[in-house]
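The values are calculated or read from the model by the stated rules, or taken from the named source; none is laboratory data. In this text the structure is predicted, and so the values were computed from the model without any measurement. Glycine gets a Cβ as well: all are built from the backbone with ideal geometry, and neighbour counts include every protein chain shown. Quick note on the areas: whole protein, heavy atoms, side chains included, nothing else; ligands and nucleic acids left out. Shrake-Rupley method; radii C 1.70, N 1.55, O 1.52, S 1.80 Å.
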Amino acid sequence: MLNLISDRWIPVLRRSGFDTIRPDQIVEPDVLRLDWPRPDLNLACLELLIGMVYLARPPRGRDDRFSPPDPQALRQALEPLAPAFDLLGDGPRFLQDLEPLEGRESPPEMLFIDSAGDSTAKKNADLMVRRARYESLPLPLAAMALYTLQAFAPSGGAGNRTSMRGGGPMVALVKPPAEGLGELVWANVPTGEPLSASNLDELPWMRPTHTSKPIGKHAPTRIPPVGNSPLRCHPEVFFGQPRRLRLVARGDAITAVVQQPWGTNYEGWKHPLTPYYGNGAGTLPRRPKPGSFSYPDWKGVILASETGQRPATLLRHLRDIKGARCSLIVAGWVMDNMKPLDFLWSEQPVFPLSEEGEGNAERAVQAAEQVGYAVSVCVRDGVGESDRTSGAGKRAQEAFFAATQGAFEEMLESLSSGAPFAAKTWLASMRNAAVGVFDREVMPGLSDLGEKRRQKAVEARSKLIADFAGLTKFSKRIFDPLGLELPARPSRRPRQG
């Protein structure tokens, strides 16, 4: 048996070394960070701990935000929740169907998002991630893998539902300047009221599952949000249960999992740790993209955007703690439908900007996106490729954003201190970076090419420089967001007769 409230099961790093702790011990001052063997488990465990504290001892308002619970107070607050957090046993089981499930027993590795599915294994296509990596799981690891799957579940075949935020959602966590696991968790706990011991059936495994199997021509049952708002959320937000699962144990290990389709089908729920974007008909959760997370990706996540909703926990932090510095951990699986491509974990600074500063930052990003496009096109033409979205063109675009990341952050630092928007300075920074990237990608070995190829490269470089000089039609797409006027073109002198 393992109880996720009363037992020690969470691996952490203390200042004195590695340890295993209970959830209430996260606020002990020498507990630095989680120490699961996989980054997705560390990310999901942070969400789990935030959810546990939200159930037991959330801040009730802004003033309470500055008074996190001490270990004893948090332990007393968590104790009434213990009956809902048994991993095994004859009663309710954490994040599992209330009643035993009948069906085929699958290996426990199915709990991991990057494990090969049945179809992949049958085709012997599991070359990068081999099958049978986890023949059995110790109870703590199984509990964490179970939560991770339910929180981030991708599509899993007919009837196997995605998570409340769809497959592979982006997670954004406020990281305060003070170190420590407890500080990180507390900074992200939404405002609310504790869940009483008499209302544990608000957790989905404490009641019969809301199944979603279509009946005849009727659409699958969807569960709309209950008592949910951007800054106050229903307890189920942190404990969604889209997959119907039961763990099979032998001794102190999980050796199999039984899964049935048609679990809970969530619709319209908003998670406070995820940014959203508008798609015309409504809003959808953002998902990580392949590659690095650089400042063009900040719109609607770190920076305000007309088409995006920043994570509620960041908005609350900026509202409650005026002028306070923090950073944002942005993480999650990069998915291609059911296939995991990569795992993102990035930490980015957050600048306390005025409304005018936010607008200027967004305009600076808009101009940079246009320059990134111009760089990719000119490098593509300079090396003689046909596609700017791959090869040298794509590489140059990413290199440009990386080369201007520092200048962009310096600009936001200046804006946060009340300085005016230095549009011309930003334009010059972009020009220097763009030309430098072009020269590194195109110019080496140019003398070894034929005359026609050399001429193409020279023309591409001249085009890029002309874009910044305001001499091309494309220049307007760079200058306009910055509020800069294009330079007047010299008039031609009339011919002398």
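List of remarks:
- Of the solvent-accessible surface of segment 235-372, computed with a 1.4 Å probe over protein heavy atoms with every protein chain present, carbon and sulfur atoms account for 47 percent.
- Computed [θ] at 222 nm, helices only, for the chain once each DSSP H run of length n ≥ 4 contributes -39500 (n - 2.57): -10500 deg cm²/dmol
- Whole-number accessible area per residue in Å² for the chain, which is evaluated in the context of all protein chains at 1.4 Å: 47
- The packing ranking of peptides 202-209, 160-167, 366-373, highest mean first, is 160-167, 366-373, 202-209, where packing means the average number of other beta carbon atoms within 10 angstrom of each residue.
- The chain - percent relative contact order, Cα under 8 Å, separation 6 or more: 13
- Prolate/oblate/rounded call for segment 327-395, Cα gyration tensor, a/c under 1.5 rounded: oblate
- Ligands, DNA and RNA left out, the 1.4 Å accessible surface of segment 400-497 is 53% carbon and sulfur atoms.
- Pairs of alpha carbons in segment 341-497 whose separation is greater than 23 Å (percent): 46
- Estimated FRET transfer efficiency when R0 is 60 angstrom, pair Lys473-Asp90 (beta carbons, to 0.05): 0.25
- Radius of gyration and maximum dimension Dmax of segment 257-379, Cα, Å: 16.9, 54
- Pair Arg250, Arg453: separation of 7 Å Cα→Cβ label points (nm): 6.2
- Relative packing of peptides 233-240, 1-8 - highest average C-beta neighbours within 10 Å first: 233-240, 1-8
- Cross-link pairs exceeding 22 Å in C-alpha to C-alpha distance, out of Lys452/Lys476; Lys424/Lys473; Lys289/Lys463; Lys289/Lys394, comprise Lys452/Lys476; Lys289/Lys463.
- Ligands, DNA and RNA left out, the 1.4 Å accessible surface of segment 136-206 is 53% carbon and sulfur atoms.
- Estimated dipole of the chain in Debye, rounded to 20 [Cβ of Lys and Arg +1, of Asp and Glu -1, Cα centre]: 2040
- Where only C-alpha atoms are counted, convex hull volume of the chain per residue in Å³: 204
- Calculated over segment 1-125: convex hull of Cα atoms, volume per residue (Å³): 150
- Full extension of the segment from Gln366 to Ala197, taken as 0.36 nm per residue of separation minus the current Cα-Cα distance, would add 55.8 nm.
- Accessible-area value, Arg33, 1.4 Å probe, nucleic acids and ligands omitted, Å²: 110
- Span-like helix criteria (full DSSP H runs; alpha carbon extent of at least 15 Å along the helix axis; mean Kyte-Doolittle hydropathy of at least -0.5) are satisfied in the chain by 39-56, 139-152, 355-383, 391-416, 423-442.
- Stretching Glu306 away from Ala419 to a fully extended chain increases their span by 38.3 nm, per 0.36 nm per residue minus the current alpha-carbon distance.
- Percent of Cα pairs exceeding the 15 Å cut-off, where the set is segment 412-491: 65
- Computed FRET value (nearest 0.05) for Ser386 with Arg62, which takes r as the C-beta separation and R₀ as 56 Å: 0.50
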